[in-house]
Amino acid sequence: MKFTKISDITAMIFIFSNMILGLISIFSIWDFISGDSLIKSMWTVGFLLVVTIIILIAEKSMASKNEENYIKDDSVFVFLRKITGTVLIIALVILALVGVLSIWEFLSGDAINKTLGSIAVISFVSLITIGVAKSRENIKA
């Protein structure tokens, strides 16, 4: 099995682990998850993220010249990049709407803090997903 296939699988694991970590973060913001289960969930997904990063770095250093020129014509990463780009744009539009509503005092209190926190997590997860997908397509970020 070529290193590029291994790194593609690793990149997919990284992307989905990142999304799961984002969901766990949003659930904790809204108090659906708390305490010991939150800590164990964050450690588990964080560990998966660190391992996948190490695998991606190792693959990059061990790839041959032919594999470095490997251009991804597989549409999975293009699809993920486009979907998360759309999610990022929607999150930013919602952020603008919530910001305007809070300025005019239609929204206030704990709900606005949780909404802004959730939007920040969604945006961060989207940016990481876009970066990883672009790197697998050999497109400069």
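The values are calculated or read from the model by the stated rules, or taken from the named source; none is laboratory data. Since the model is a prediction, treat every value here as computed from it, not as a measurement. Here the Cβ positions follow ideal geometry from the backbone for every residue, glycine too, while neighbour counts run over all protein chains shown.
Quick notes on this structure:
- Check on residue 61, part of a helix (DSSP H, G or I) and at pLDDT below 70: yes
- Filter result for residue 41 (crowded, with 18+ Cβ neighbours inside 10 Å, in contact (Cβ under 8 Å) with a residue 60 or more places away in the chain and over 16 Å from residue 77 (Cβ atoms)): no
- Residue 68 crowded, with 16+ Cβ neighbours inside 10 Å, modelled with pLDDT under 80 and out of contact with any strand residue (DSSP E or B) (no Cβ under 8 Å at 6 or more places or on another chain): no
- Residue, farthest from residue 118 (Cα to Cα), within the stretch 97-108, restricted to residues that are of a type in the set (Gly, Ala, Ser) and surrounded by 11 or more Cβ atoms within 10 Å (Cβ to Cβ): 102
- Selection of the stretch 19-43 for residues being assigned to a helix (DSSP H, G or I) and more than 22 Å from residue 120 (Cβ to Cβ) yields 36, 37, 40.
- Pairs with Cβ under 6 Å, 6+ apart, first in the stretch 17-36 and farther than 15 Å from residue 128 by Cα, second assigned to a helix (DSSP H, G or I) and of a type in the set (S, T, N, Q): 24/41; 26/118; 29/118
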